[in-house]
Amino acid sequence: MKTPLRLLLIAPAFAGLAACSQDEPPATIATDANRLAFSDFENVLGWGDLNTSNITNERAHSGKYSVKVGPDNEYGTGYSRELGLMSPHKPIQLTVSAWVWVPDRTATASLVVTLNRSASDETKVFYSRIELLQEIKHFQEWEHISKTFTLPDTVAVTNQFKFYLWRNGSPQNVYVDDMEIRRDR
């Protein structure tokens, strides 16, 4: 049997072993084709492009850790990756979701979704935010929020996608956990 053919036949077995490997945390393994990224912040591989000093065990929706913004942290650890590396096809719509904990109505934090021209050029191609106070119904409890964005035609696979929690002037700590990015179309 020729070497390339042998590799083709045994590659699926190694892929299955790699999926169970301790080197690859479960938070980075996609469970379906439309899930582009997920983190519960127990493992932050791929999620640390922004600030990782705000990962905390003060509160968590699942596991032991979440991300905190507040007077000491303007931006939370988030996801940052070139769009073409996230999805084999240029997405038309993306849905982001997360569990958030907001203490009271003075906590003005937002979840931000942005596409920059590239990793080195921060010219905005797309920008939107989810203002948490407009989405949640209760304070001092974990609430799930989700929003679908239709991306403009000008978006390119070379654009840098970012999804993160922004303090947005909040005088109190706000927490986020179980962040997910999905391709809808």
Specify the inter-centroid distance of region 162-185 and region 103-145, based on alpha-carbon positions, in whole Å. 5
If you place +1 on the Cβ of every Lys and Arg, -1 on the Cβ of every Asp and Glu, and leave all else neutral, what size is the dipole of region 107-185 about its Cα centre, to the nearest 20 Debye? 240
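If I take R0 = 22 Å and measure r between the Cβ atoms of ALA119 and HIS89 in this structure, what FRET efficiency does the formula 1/(1 + (r/R0)^6) give, to the nearest 0.05?
FRET efficiency, ALA119 to HIS89: 0.60.
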Tell me the label-point distance for the pair ARG185, ASN43, using the 7 Å Cα-to-Cβ offset, in nm and rounded to one decimal. 3.4
So which of LYS64/LYS137; LYS68/LYS162; LYS90/LYS162 end up more than 19 Å apart by C-alpha? LYS64/LYS137
Using 0.36 nm per residue of separation minus the Cα-Cα distance, give me the extension gain between THR154 and GLU135 in nm, one decimal. 4.0 nm
Going by amide H atoms built from the backbone, whose H comes under 5 Å of the H on ILE92, apart from near neighbours? ARG185
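Since every read-out is calculated from the coordinates, none of them should be taken as a lab result. Bear in mind that the values here come from a model prediction, so they are computed numbers and not experimental data. Cβ coordinates were reconstructed from backbone atoms using ideal geometry, including for glycine residues, and neighbour counts include every protein chain displayed.
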